[in-house]
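The numbers here are math on the coordinates, done by the rules we state, and not lab data. All values derive from a computational prediction rather than experimental measurement. All Cβ positions, even for glycine, are placed from backbone atoms using ideal geometry, and neighbour counts span all protein chains on display.
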Amino acid sequence: MVQSDVRGKGERPRVRQAGELGWDDSVYEKNGDGVQDGHDGPSAGPGDGDRGGHGAGGGERPGRRRRVLRWSATVLAVVILGTAGAGYLYYQHLNDNLKKDDLNIGDAKDRAAESKPNAAGQIPLNILLIGSDARDSAENQKLGGAKDTFGGPPNADVQMLVHVSADRTNMSVVSMPRDTLLPVPKCTDPKTQQVYTASTLAMANDSLRRGGPGCTVATWEKLTDIHIDHFMMVDFSGVVSMADAIGGVPVCVDKNIYSHTSSGHGSGLKLKAGTTSVKGEQALQWLRTRYGFEDGSDIARTKAQHQYMSSMVRQLRANATLSNPDKLRKLAETATSALTVDNGLGTVAKLYDLSTELKKVPTARITMTTMPFVYSGERVLPKPGDAEKLFRLVREDIALDGKDTQKKPAPAPATAPTDSDDKIAVQVQNGTRTSTQAPVRGRASAMAQVLVDKGFTEARADSSTVLSEDTTVIRYPSADLKGDAERVAKALGIPGGSVQKSTDVSGVTLVVGADWRSDSAYQAPKEDNKTPTTANVLNGADKQCMQVDPNYSW
């Protein structure tokens, strides 16, 4: 990665007052203009600003060219030295703006294995974006409402996993609806040392109140088995200030919208049909709107958040005015003040390094998705099969836009089992029930006997549970049992991709799916790497309009 070069050591010369806290606009000027796109800094080559026609082919004498170069180098050196101390102070100020927290505060045994490098030695990046609903300041209280929750523990109302491919050619974003019900692991608050016990089923946004963002990261890793490298969290006021600093983000609705109900619910968003550049409080209203978009669900709100994020990326990349030093200074101030990051991203230099990696991905190769789900009352659950498939594609660094579905990642090396076959305890469950077919009676017992015949004498049938699984899977609860689960899969001819870490089981568990209703030999279905249609794919280059519920139009 690019490393920031921070000057300022040694005795500091007298510094001209050149803006707030030492930001010196002059080092970014080029003939009175901002830095041009594609330049890392000022260009002071011969002929710059020369009105006499002496360009690269203008016949300029070598002696004069050398004098111009010496003069330019001298001026540049004076400018750098003259602003070094103040620039260092400003750099430290921006670092101090950043709020920092632990990356993962769950149990070490629940951590996902680190991402594997590709053939070229490049490693994928996984960053969890968290939107907090904290009412911990007067501004956040004003923006968020709900006075009775002032100062209380925050929720993670927005959760998006950003996966940047190892070769930096594509990016995948997976959103999780805030109303998702899932297991939340045990977490320990790093500041107070309070221990929050594991919950077998809780709303996803509860994770943030259990010790901080590190618990939200731990929850994602436990569910997806995807190793998360960093997190970035922003609150209400941060969203507002960032939208202002960018200069507004274009969003679109197909009808006039007013998100407001007679009982006082709704974000208050009021827009005319078509495209509007939202910023400030209006940007926050867009991100929080549920009443008025499509069916009024949290899923519709997630789509609106994807549209906003895609548009913001396009806006930042196309907005040449951000080469202006005043704009950059404001954005730097705003971003560092708005963000809470993990300690691994705790300096401006590290954030800059990350931004250079993200900028390598073309906008057209950014794919927004929502975790496939099924309804459970008013809440949702990860959709069996589809959700795990989406997580697998991310784990294996396969692009969700389908443009490299033929890529075959190197298989991960098998984990050694902890015991011999005759000592590996295996529970067998019947998952052959489908929406159109009754379960095959006695299937768990039959397959337990197959395992016993293969030497797994501790295999037992669980006749108390009948499940619905499209494909056969082997689940294990913790990393120490992964090798045992893989050994069982190998003995039965079940592919490694069907071995899954899951908190729904207490030991190695074979769930015989609807794809194995008969016979003792397993015929593995052909695996494809297509993103499930239930993931609601949106390409980052697409400009779409949110559908407005006519009941909320004006």
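Computed from backbone phi with θ = phi - 60° and the Karplus coefficients 6.51, -1.76 and 1.60, the 3J(HN,Hα) list for segment 350-363 is 6, 5, 5, 4, 5, 5, 5, 6, 5, 5, 6, 7, x, 4 Hz; x is used for glycine and proline. Placing +1 on each Lys and Arg Cβ and -1 on each Asp and Glu Cβ, with no other charges, gives segment 482-554 a dipole about its Cα centre of roughly 180 debye. The charge dipole of segment 347-463, taken about its Cα centre with unit charges on the Cβ atoms of Lys, Arg (+1), Asp and Glu (-1) only, comes to about 400 debye. Remark on V251: its backbone amide H falls under 5 Å from those of T276, S277, V278, a criterion applied only to residues 5 or more positions apart or on other chains, H modelled at 1.01 Å from N.
Taking amide H as placed 1.01 Å from N in the peptide plane, the amide H of A459 sits under 5 Å from that of V426, each at least 5 places away or on another chain. Listed by Cβ neighbour count within 10 Å, with the fewest neighbours leading, W286, W516, W554 appear as W554, W516, W286.
Counted by neighbouring Cβ atoms within 10 Å, the residues L381, L492 run from fewest to most as L381, L492. Whole-Hz Karplus values for segment 177-187 come out as x, 4, 8, 5, 9, 7, x, 10, x, 5, 9 Hz, taken residue by residue from phi with 6.51 cos²θ - 1.76 cosθ + 1.60 and θ = phi - 60°; glycine and proline positions read x. Distant-in-sequence amide contacts of K383, defined by a placed amide H-H separation under 5 Å and a gap of 5 or more residues or a different chain, comprise F373, V374. When R301, R460 are sorted by how many other C-beta atoms sit within 10 angstrom of their C-beta, beginning with the fewest, the order is R460, R301.
Here the spin labels are modelled as points 7 Å beyond Cα on the Cα-Cβ line, and at Q547 and K490 they lie 5.0 nm apart.
Positive end of the charge dipole of segment 108-407 (Lys, Arg +1 and Asp, Glu -1 on Cβ, about the Cα centre): tell me which of V184, P384, T200 has its Cα farthest that way. It is P384. Each residue of segment 208-214 was assigned a 3J(HN,Hα) from its phi angle through the Karplus expression (A = 6.51, B = -1.76, C = 1.60, θ = phi - 60°), giving 5, 7, 9, x, x, x, x Hz with x at Gly and Pro.
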